[in-house]
Amino acid sequence: MIMMDLMVFGQAKLLVETIATSVTSLERVHLLKFALPIFRDLDASLRSDFCLAIPVLVHCFRRAVKLQEWIEVEGLASLLTCLLGDAPSTVEAIVKHYHHLVLPSLAAMMEGPESTATVIGMLVDHVARFNVSIRGMERLKQVLLVMRNILVDHEKQRPPVVLAVLVLLAGLAQHADNKVYLMKCPGLVKLIVEVHIPVVNERVACFLKDLAWETRNRAAMIETKGLLQCLVQLSKDDDLETRLHVMKTLRRIALSAGNKVKLLDEDGMLHAVILATQHDELQIEAVSILLCLFGPDTTKRMLSSELLASLVVVASQGAACQKASTIAAHCFKKLSGNIHVNDLFYQEVLDGVMAISCSEISTIRKWAALSFVEMSRSVCTSFALVRNDTTMAMINALANDNIVSVRAPAIETLMNFLASPANLKRIMLYDDVMNTINDSSRDWCQCTSHRAVQAILTLATYAPIRPRVAKQLDLVACLSLFGVSDDADKELKQAALRSVIVLAPLL
């Protein structure tokens, strides 16, 4: 078997040499027809050894395009496609001769028959994946100029030609050194977003996604006329991969704080993101965009029944898509800190937090508990929450959760409630809540136990209800035990003992 491979390898090597030295195009066409099956059947590891022959074949390819020998062009393009398929993306022979391969390819696609354009389109797909840096390569800048000129007149060009240009540009945009250069290339991005040919949509979206990877490009992208609306339109594309590229682009743009308002100002943008939450493959990116967009200046203008319903649905999926569910739950935490009891969608936000509080996933319950913490920071909102028996029962259940990351923020919520004198008498009416605070003071988690003790101290230091607190013997005993414990917080222990002294006469 090895001998057979070596014999075929020898034949292939001889064929390449013969093709390069043949005098007429007709000879080369016959040799190429014979060579292609041999190269396709050759072992991949042996095919990669022909990378050094690529410059010779590229020279033949350029000559054939110049003489418009289209049958020979197709044969050489097929042979190069076969060789490039197994070549590493860093092969110097490809990188060095990139412009020698690209310019004739584009010329052949514009001037040759449709069959030639199809064959070269496959070659371009392979060429685009090579790791080519524009920096310091003047000839590559000439290639960019040619591609830019094609885009200027894209309506007069064949769709495969425009597609080839965008495939090549998307390939260049993957290189870290090229992202800023391509963004700064005068008018290039604007020309790309103005191309409205369905066959190129996926490549346009991919190009914009790769540009958005670079932090320095994001502000410029959002200022490029027509770019955001282009993304909105691409989000409606039938191709799933295109829509996924769009969501990834928007997520990266939304990471920059200065872009949030501008994204929301774009007509149809928020609705496009909300619709994307309904597709399993797009959910993670879509809810991540929403998470980035929520903020003090944006939350209220974003809120709608459609948005909140979508977040509840995603957060309630649980194990079906845990990452998306967790991010959606995190969204509730962010928006809870920017909404108050008198706001239009307050009740729907509260209903959403209540819904995710029942999740089987502890991380989602944690975000629900943290959402209650955010709500409890507002005096007016905490006043309403304390007087809602259903909500208090849910917060109490979270405070008794067996996961400390859920339990601790729920106790913090109760402590925030007690910070308002208007809530103290009402809190005392909830026996289960008082029992939870008492039990939490002995929690193995120091953060939780300290918060519980501070909550009891708040009750004990409010004179109007001090007699009622004194009658809660468990609370007084709790303070006594904490005061003589080996806890490291000496000030808190002293405060606990002082409260016991104050309460003692009232027992």
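The values are calculated or read from the model by the stated rules, or taken from the named source; none is laboratory data. Bear in mind that the values here come from a model prediction, so they are computed numbers and not experimental data. Note that we place each Cβ from the backbone using ideal geometry, even for glycine, and neighbour counts take in every protein chain shown. The accessibility values were calculated without ligands, DNA or RNA, using every heavy atom of the protein model including side chains. Shrake-Rupley method; radii C 1.70, N 1.55, O 1.52, S 1.80 Å.
Is it the case that Pro409 is within 39 Å of the chain's Cα centre (by Cα) and not hydrophobic (A, V, I, L, M, F, W, C)?
Working: within 39 Å of the chain's Cα centre (by Cα): yes; not hydrophobic (A, V, I, L, M, F, W, C): yes.
Taking the combined requirement at face value, the residue satisfies it.
Is it the case, given these coordinates, that Pro409 is surrounded by fewer than 23 Cβ atoms within 10 Å (Cβ to Cβ), modelled with pLDDT of 70 or more and in a helix (DSSP H, G or I)?
Against the criterion (surrounded by fewer than 23 Cβ atoms within 10 Å (Cβ to Cβ), modelled with pLDDT of 70 or more and in a helix (DSSP H, G or I)), Pro409 does not qualify.
Kindly provide the set of residues from the stretch 346-381 that are open to solvent by less than 10 Å² (accessible area, probe 1.4 Å) and either among the small types (Gly, Ala, Ser) or within 13 Å of Val312 (Cα to Cα) (or both), ordered by number.
Of everything in the stretch 346-381, those that are open to solvent by less than 10 Å² (accessible area, probe 1.4 Å) and either among the small types (Gly, Ala, Ser) or within 13 Å of Val312 (Cα to Cα) (or both) turn out to be Val349, Leu350, Gly352, Val353, Ile356, Ser357, Ile364, Ala368, Ala369, Ser371, Ser376.
Which numbered condition in (1) in contact (Cβ under 8 Å) with a residue 40 or more places away in the chain; (2) over 18 Å from Gln347 (Cβ atoms) is the only one that Thr299 fails?
(2)
If you go through the stretch 370-394, how many residues are closer than 14 Å to Asp432 by Cα and of a type in the set (S, T, N, Q)? Don't jump to the end; show me each part of the working.
Looking only at the stretch 370-394, we keep the residues that are closer than 14 Å to Asp432 by Cα, and these are 386, 389-394.
Remaining after also requiring of a type in the set (S, T, N, Q): 390-391.
The qualifying residues number 2.
Spot the failing condition for Asp125; the list is (1) surrounded by 19 or more Cβ atoms within 10 Å (Cβ to Cβ); (2) over 28 Å from Ala219 (Cβ atoms); (3) at pLDDT below 90; (4) of a type outside the set (Phe, Trp, Tyr), and only one is missed.
For Asp125, the exception is condition (1).
List the number of the failed condition for Asp297; all other conditions in (1) open to solvent by 10 Å² or more (accessible area, probe 1.4 Å); (2) part of a loop (DSSP other than H, G, I, E, B); (3) under 27 Å from Asn388 (Cβ atoms) hold.
Looking at each condition in turn, Asp297 falls short on (3).
Filter the stretch 128-143 for residues that are open to solvent by 10 Å² or more (accessible area, probe 1.4 Å), in contact with a helix residue (DSSP H, G or I) (Cβ under 8 Å, 6 or more places away or on another chain) and either outside any loop (DSSP other than H, G, I, E, B) or within 19 Å of Ala64 (Cβ to Cβ) (or both) and give the result.
Arg139, Gln142
On the given criteria, is Lys262 among the charged types (D, E, K, R), out of contact with any helix residue (DSSP H, G or I) (no Cβ under 6 Å at 6 or more places or on another chain) and surrounded by fewer than 19 Cβ atoms within 10 Å (Cβ to Cβ)? Write out each step before concluding.
Values: among the charged types (D, E, K, R): yes; out of contact with any helix residue (DSSP H, G or I) (no Cβ under 6 Å at 6 or more places or on another chain): no; surrounded by fewer than 19 Cβ atoms within 10 Å (Cβ to Cβ): yes.
No, not satisfied.
Going by what's in this entry, would Asp343 be described as acidic (Asp, Glu), open to solvent by 20 Å² or more (accessible area, probe 1.4 Å) and in a helix (DSSP H, G or I)?
For Asp343, the condition - acidic (Asp, Glu), open to solvent by 20 Å² or more (accessible area, probe 1.4 Å) and in a helix (DSSP H, G or I) - is not met.
Looking only at the stretch 300-320, count every residue that is surrounded by 17 or more Cβ atoms within 10 Å (Cβ to Cβ) and farther than 11 Å from Ile356 by Cα and tell me the total. Spell out how you get there, then give the answer.
Taking the stretch 300-320 and keeping what is surrounded by 17 or more Cβ atoms within 10 Å (Cβ to Cβ), we get 302-303, 307-308, 310-312, 314-317.
So of that shortlist, the ones also farther than 11 Å from Ile356 by Cα come out as 302-303, 307-308, 310.
Looking only at that region, the number is 5.
Residues being over 11 Å from Ser441 (Cα atoms) and either open to solvent by less than 30 Å² (accessible area, probe 1.4 Å) or out of contact with any helix residue (DSSP H, G or I) (no Cβ under 9 Å at 6 or more places or on another chain) (or both): count how many of those fall in the stretch 477-499.
Residues flagged as over 11 Å from Ser441 (Cα atoms) and either open to solvent by less than 30 Å² (accessible area, probe 1.4 Å) or out of contact with any helix residue (DSSP H, G or I) (no Cβ under 9 Å at 6 or more places or on another chain) (or both) within the stretch 477-499 amount to 9.
Kindly provide the set of residues from the stretch 422-431 that are within 16 Å of Ala384 (Cβ to Cβ), in a helix (DSSP H, G or I), open to solvent by 10 Å² or more (accessible area, probe 1.4 Å) and at pLDDT below 85, ordered by number.
Correct list: Ala422, Lys425.
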